[in-house]
1. Once phi is turned into θ = phi - 60°, what whole-Hz ³J(HN,Hα) does the Karplus curve with 6.51, -1.76 and 1.60 give for every residue of the stretch 200-208, x standing for Gly and Pro?
2. Show me, for the stretch 34-51, the HN-Hα J-couplings you get by feeding each phi into the Karplus relation (A = 6.51, B = -1.76, C = 1.60, θ = phi - 60°), rounded to Hz, glycine and proline as x.
3. With +1 on each Lys and Arg Cβ and -1 on each Asp and Glu Cβ, how big is the dipole of the stretch 174-278 about its Cα centre, in debye rounded to the nearest 20?
4. Going Cα to Cα from residue 46, which lysines come in below 19 Å? Please leave out same-chain ones fewer than 8 positions away.
5. For residue 270, give me every one of the lysines with a C-alpha distance below 23 angstrom, ignoring sequence neighbours fewer than eight places off in its own chain.
Amino acid sequence: MAVQDIINYSYKDIFSLRVVQFEKACVFNKPEQVSNYSIYWIKKGKGVYNIDFESYEFQDNVLFFLSPGQVFSVDSEEIEEAYHLSFVRDFYCIQTHDKEVACNGILFNNIYETPFVKPCERDTQKIEFILESLIEEFKTEEAAQYDMLQAYLKQFIIHSVRVKKENHIIKEDTETKLFKDFSVLVEQNFKTLHSVTDYAARLGMSPKSLTKHFSKIGTQTPSNFIKNRIILEAKRQLIYTDEAVKQIAYDLGFNDSAYFSRFFTKATSKSPLQFRKEH
């Protein structure tokens, strides 16, 4: 790794900013699990990142957002200038925000959408100004520093939400709202509820009607949606815990570990133990 400059700013281990300028970064051979909420702004550079076992290619001026528990690794990158904001849940998420800028809003805790956002020149200038203000605040020892840092972070997130809404079609139709409601329910219950019938009942409709709504927006079926969320969590636990496959199966709501192994193998073409060994 040919490092030119890495500057770290932090506030009591709950909020930090890294300013990174280097030619090439090392490639992580093993994925890392994100522990805090993270925002990366690759201002100048290109690369390929893997997020939750999906590959994303980018080039110049992109923002992306990671939530605790997600799996992140670098396939390749050549970075000239980048920024990394990291904060714990208690620093920002406990505050009462507009639902779009909350930790369960448009940017974070949304593993079902592409995590990248590309700001235009005008938005880039605004983001630069906020980062400059953040750096100045990190350097001070003035009163109410916590509140000022939190306010600047909120500004950064608000601008990012606006960029995403301007440049990415965020539908508000019935099907899209239903999809969002369904995805929230799955995120909250996938370890205990595995059938489409369970979720359809909570949404006040029949399984057939739910599937029909999903087909209108061209997304995967509700059944595959649930299955893929379970598989994602299984992959995370196989890599980042030492739990036996039987225990992971139980944690994910399977009473029969053999059935879980068949379920996992059918979805990934690898047994749980084989997947763990290869990662």
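1. These are the phi-based 3J(HN,Hα) values: 4, 4, 5, 8, x, 8, 7, x, 5 Hz.
2. 6, 9, 10, 5, 9, 10, 10, 10, 8, 6, 9, x, 8, x, 10, 10, 10, 10
3. That gives the stretch 174-278 a dipole magnitude of about 320 debye.
4. Candidates past the 8-residue exclusion: 24, 118.
5. Cross-link targets: 30, 191, 227, 235, 246.
Laboratory data are not the source of any read-out in this text; all were calculated from the coordinates shown. Nothing here was measured: the structure is a model prediction, and the numbers come from that model. A quick note on method: Cβ atoms are made from the backbone with ideal geometry, for glycine too, and the neighbour counts reach across all protein chains shown.
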